[in-house]
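Structure first, then comments.
The values are calculated or read from the model by the stated rules, or taken from the named source; none is laboratory data. Just so we're clear, the structure is a prediction, and the values are computed from it rather than from any experiment. Reconstructed Cβ throughout: ideal geometry from the backbone, glycine too, with neighbour counts over all protein chains shown. Just so you know, the surface numbers come from the protein's heavy atoms only, side chains and all, with ligands and any DNA or RNA stripped out. Shrake-Rupley method; radii C 1.70, N 1.55, O 1.52, S 1.80 Å.
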Amino acid sequence: MMGLVADRLRADANRLLAFLFNQGILDEQFLQLQQLRDESSPNFVSEVVNIHFHESEKLLRNLRSLLMDREFSGYNKMGIHLNQFMGSSSSIGAKRIRNACFAFRAASEQNSRAGCLRALELLEHDYCFLKNKLHELFQIQQQRVLAAGARYPMQN
Amino acid sequence: MGLKLKQSYRHSVTVRVNEQMGTKRGYTFIQANRAWLPKFLLLWVMVMAFLSAWIYKNMDDDNKVRRKEVLSSMCDQRARMLQDQFGVSVNHVHALAILVSTFHYYKDPSAIDQETFAEYTARTAFERPLLSGVAYAERVRLSEREKFERQHGWTIKTMKREPSPIRDEYAPVIFSQETVSYIESLDMMSGEEDRENILRARATGKAVLTSPFRLLGSHHLGVVLTFPVYKSKLPPKPTMEERIEATAGFLGGAFDVESLVENLLGQLAGNQAILVNVYDITNSSDHLIMYGHQNQDGDLALFHESKLDFGDPFRKHQMICRYHQEAPTSWTALTTAFLFFVICLLVGYILYGAAIHIVKVEDDFHEMQELMVRAEAADVAKSQFLATVSHEIRTPMNGILGMLALLLDTDLSSTQRDYAQTAQVCGKALITLINEVLDRAKIEAGKLELETVPFNLRSILDDVLSLFSEKSRNKGLELAVFVSDKVPEMVMGDPGRFRQIITNLVGNSVKFTERGHIFVKVHVAENPKPIDDAKAETCLNGGSDEGALISGGRQFNTLSGYEAADEQNSWDSFQHLFNAEALQNDASGKMTVADEASQSVTLMVSVEDTGIGIPLIAQERVFTPFMQADSSTSRNYGGTGIGLSITKCLVELMGGHISFISRPQVGSTFLFITTFGRCKKASLSDTKKSNAEDLPSSFRGLKAIVVDGKPVRAVVTRYHLKRLGMLVEVANNVKIAASACGKNSSSCGSKIQPDIVLVEKDSWLSGEDDSSSLQRLDWKQNGHMFKLPKMILLATNITNAELEKAKAAGFADTTIMKPLRASMIAACLQQVLGTGKKRQLGKGMLNGSSVLGSLLCGKKILVVDDNIVNRRVAAGALKKFGAAVECAESGKAALKLLRLPHSFDACFMDIQMPEMDGFEATRRIRMMESQTNEQMNGGTDKGSGRKDEWHLPILAMTADVIHATSDECLKCGMDGYVSKPFEEENLYQAVAKFFETKPISDS
């Protein structure tokens, strides 16, 4: 019974991952990240991803406030933020966000405020989407761990 | 981040292109004034036209002056002659006058009558050619008329032949020349001109002339010359009255000027050319014509006037000459000017054409230059594109492979698993291809840089062999490597690229060979002479030695006995080379000293196989990318055909060249020559130590007998054993080996006592009947109570039955599977001899990640990145390999942590950071280190545990792989770079480079 649940959970997790890969939302870096998980830090991925989200939210806030500023001139600052954003998203393998950042940076290099606003909206949308999906994934994984933990004593 | 770098790079490319165009557009003078060229031509033509007109005018003026001079000289000549002749005639008339006065008046009675006069004048007419005739008229006063008329018997008549009316004076002609006898008795005073003449003549006492008029007889224009004849002698200075009083008569003559001048001119040359007019200009307003026509044609523009003096001061005459024809156009001048103009025109046109041509050529040149720049840019762009695209393809491919790996982890049916595995294999093949394309693109873009690090050639060859051992064993191929003793143990070069070349060649060979062998040989190619000698020898006694018939098939003295394509590498030459080398090595160390003195060593590497060979048609395009022998090749054997072209590029990049000899159905031999640097002696001994660790030294001095019927193979085996430091004897078959042992043991007992006997499977099988001898071998040793020699069977592939048989025959100890590698032999021998219990040797065979783990295990590493996520991921990755990781979030923090002394073994540094970027941070760290080093060196050197200087390996972390600003990294003191996000192999390569070559002393 529990084994079935575990299988289902694993299948769910794989399906979700496959979907994220198919849609180009994640890339293989995410897999590499998962490989870094070991006994000493079982929650490595979710830890890193949560840091990423935390940072990202800060960055997004900053970007929005920069863009909303009336006499807007902070393209340079925006570039720095975007570089940060890009660096961290490529580290966790969030490909679509990275691409959105590219577009955003291109817009900011052309000093087009409208383009920046559009790109920011896209970025926020992608970010929310990824956040939801990853939360879902982590939840599944959490359940798997729980299930595995539940199953373990049963074998003995 | 990566994209930004790329963009800026591309931007810089375009900028550079523009700059190039800008600098190269150096216009010349002609180019700058190209719009003016037609105007220049026009100006030139105009100037030249003007100049030639000027020349024409000059020449024409010259002509005119000359013409005028000619005319004036001719005219003057004529006038002078006329005047002279006239003068002569006048003198004669004067003489006549004196004659008449003398003989008619002074003599009484008169001595002259009409008859005498006529006679005399007729006979002296030649003296007066100008005069048509002369006559004498006597002065008769009115009072004397009657007496006179009576005396002569006729009345005085007027010119109109009428009796003369009454006048004061008369002048009737009394004597006349016959030519003018018609005027006798005519009164000269009755004619207007004559009368005037007469009056003037007697007043002046000189010859006077009338104005021209039509003469009576001839109707020619003429003048009448009148001389006074005086009765008595005149006083010396007579007055006019005295003259008039003394006048007795008048002598007159008619000048027929017209015919006169006609005659005169007739005698002169050039008569036809000029027209002569003679005028009487006494009345200056009305010129009377004496000769010529009043209104004639001729050149009216040019005339010459000459004064004539006929001796009558009252009358003035002049001669006017003209040319008959107008001045002819001066053809010389015209032609000269015209030719001048034409020549100048041509010259101008030629210059213009040249200028136009220059402009055109320069335009073309600029265009070509532009095209070239564009082509180069396009080429660079192509390579960049290839590199980028390859890289971009690799990323999703990794995703696919990762997912496939995940998929394979799940529960799959066997079919599904098969499909998934196939997909994975294909994916891996694709990745390999992309890597190759990337390599090629890198080479073409000039991005590939070779390392120069010391490496062990032999161990690399062993590694390559181990890669293909599985495949070759499955196919039953002999795979062997042989490195000449003269090849230095460590050489300087790029081990990775060398490995790539060998892997490519051997991989190809394995792919295309179904039977026989693949043999890799490395020689020093410094003196190619022995090879030539050997070749010559082969030719000389090739027939006898080459093929020995053994059990049905023609056997060749190659590794496996199959024929090889390149005869030069046959056993004869091989042995020759081998012997020569052995001799040289034995003879003296002089040679090696000389060798070591040179900075580089040239190696000749050959890879020989007995595969299907390359068809003759395809041989010339073997090295062309994506070209295989034919399309069926790729169908049968797979592959893209890019490998060999990369190999060629690499070999050429290493300063060598590659060639091959191939015979279809026989095999191919690829041969490349390349140069490596020699290691410095110091570093050689240093690295030797580390190298010796991979081959255990515990076999040093052991004695071995190799039993092998094939000499080449035996030599290969011997080479590997020698590397382990063993003493090796070769025996052709078991019997010889046994007898050798026996002899030794019986005679001196301690000379050669083999510890190990290695028997080739073929030799064992062929000598199976002699198993007794093998037994004897055993027995003898047993009998003498020596340590039992270990019997080892060498085999390429062996069936279970054979294995059992071998065990039964005495090879209980072990079987070594080929291909031989020194490390593998060592492992087997260790197992057999039981020397090394600890399995240290296995280390080299472990896979990459654990190697990385062993490399990084226990190392303290600093990760510097401003991005917390990156920091975590990098730290996680490094921790996974057992490293102790510390993080710093900025360059400043890193500097603080790295203040000397510190305990970090390495540092990973992000390049793009705010405030202080990775380059700057590295520069500062290096500065700090060098300061400390200086202080250390400057201060006392005693007892410091750390002899080597502070140098923290710093690796850049960058997201940009292809143009990884690696130059810049190295320039600011970094030791290398890894791409971000970490990839295991990438990390391994970067880390291994300095953890291996720079072993850290305290770990």
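Worth a mention:
- Unmet criterion (only one of (1) open to solvent by less than 70 Å² (accessible area, probe 1.4 Å); (2) assigned to a helix (DSSP H, G or I)) for B:LEU412: (2)
- Scoring B:LEU225 on the criteria (1) in contact (Cβ under 8 Å) with a residue 24 or more places away in the chain; (2) under 24 Å from B:VAL278 (Cα atoms); (3) touching an Asp or Glu at 6+ places or on another chain (Cβ under 7 Å) leaves a single failure, condition (3).
- Unique match (being surrounded by 15 or more Cβ atoms within 10 Å (Cβ to Cβ) and not in a helix (DSSP H, G or I)) among B:SER110, B:SER101, B:SER132: B:SER132
- Against the list (1) touching a residue at least 40 places away in the same chain (Cβ under 8 Å); (2) open to solvent by 20 Å² or more (accessible area, probe 1.4 Å); (3) within 12 Å of chain B (Cβ to nearest Cβ), the condition A:LEU117 fails is (3).
- Subset of segment B:416-433 that is within 30 Å of B:PRO819 (Cα to Cα) and aliphatic (A, V, I, L, M) - its residue that is surrounded by the fewest Cβ atoms within 10 Å (Cβ to Cβ): B:VAL425
Residue by residue, here is whether (1) touching a Leu at 6+ places or on another chain (Cβ under 7 Å); (2) of a type outside the set (A, V, I, L, M); (3) over 20 Å from A:CYS128 (Cβ atoms) holds:
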{"position": "A:ALA11", "(1), (2), (3)": "no, no, yes"}
{"position": "A:GLN23", "(1), (2), (3)": "no, yes, no"}
{"position": "A:LEU31", "(1), (2), (3)": "no, no, yes"}
{"position": "A:LEU59", "(1), (2), (3)": "no, no, no"}
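- Verdict on B:LEU852 being at pLDDT 75 or above and either within 21 Å of B:VAL734 (Cα to Cα) or part of a helix (DSSP H, G or I) (or both): no
- For segment A:20-58, taking the residues that are more than 10 Å from chain B (Cβ to nearest Cβ) and over 12 Å from the mean Cα position of the chain (by Cα), the one that is most open to solvent (accessible area, probe 1.4 Å) is identified as A:GLU39.
- Exclusive hit being within 14 Å of chain A (Cβ to nearest Cβ), open to solvent by 50 Å² or more (accessible area, probe 1.4 Å) and modelled with pLDDT under 80, set B:GLU392, B:GLU470: B:GLU392
- Tally, over segment B:349-383, of residues that are open to solvent by 60 Å² or more (accessible area, probe 1.4 Å) and farther than 30 Å from B:LEU41 by Cα: 6
- Segments classed as helices (runs of 4 or more DSSP H), wholly inside segment B:610-697, with at least 1 members that are at pLDDT 85 or above, more than 30 Å from B:GLU563 (Cβ to Cβ) and in contact with a strand residue (DSSP E or B) (Cβ under 9 Å, 6 or more places away or on another chain): B:643-653
- Boolean, B:ARG161 is outside any helix (DSSP H, G or I), free of Cβ contacts under 8 Å to residues at least 40 places away in the same chain and farther than 15 Å from B:VAL224 by Cβ: yes
- Answer from B:PRO165, B:PRO172 - the residue that is surrounded by fewer than 21 Cβ atoms within 10 Å (Cβ to Cβ) and of a type outside the set (A, V, I, L, M, F, W, C): B:PRO165
- Inside segment B:498-518, residues that are of a type in the set (Lys, Arg) and farther than 21 Å from B:VAL712 by Cα make up a count of 2.
- Filter pass, B:GLU915 being at pLDDT below 80, open to solvent by 70 Å² or more (accessible area, probe 1.4 Å) and either assigned to a strand (DSSP E or B) or not hydrophobic (A, V, I, L, M, F, W, C) (or both): yes
- B:LYS892 satisfies every condition listed in (1) surrounded by fewer than 17 Cβ atoms within 10 Å (Cβ to Cβ); (2) within 14 Å of chain A (Cβ to nearest Cβ); (3) modelled with pLDDT of 80 or more except (2).
- From the options B:LEU346, B:LEU300, B:LEU386, residue that is open to solvent by 40 Å² or more (accessible area, probe 1.4 Å), part of a loop (DSSP other than H, G, I, E, B) and either of a type in the set (A, V, I, L, M) or within 30 Å of A:ALA13 (Cα to Cα) (or both): B:LEU300
- Where B:ALA122 falls short, out of the listed (1) modelled with pLDDT under 85; (2) exposed (fewer than 14 other Cβ atoms within 10 Å of the Cβ): (1)
- Residue satisfying all of: in segment B:864-889; more than 11 Å from every other protein chain (Cβ to nearest Cβ) and either touching a Lys or Arg at 6+ places or on another chain (Cβ under 6 Å) or among the charged types (D, E, K, R) (or both); most open to solvent (accessible area, probe 1.4 Å) among these: B:GLU889
- Some residue of segment B:903-910 being within 13 Å of another protein chain (Cβ to nearest Cβ), open to solvent by less than 20 Å² (accessible area, probe 1.4 Å) and touching a His at 6+ places or on another chain (Cβ under 9 Å): no
- Condition met for A:SER91 (surrounded by fewer than 16 Cβ atoms within 10 Å (Cβ to Cβ) and either under 16 Å from the mean Cα position of the chain (by Cα) or facing chain B (nearest Cβ under 10 Å) (or both)): no
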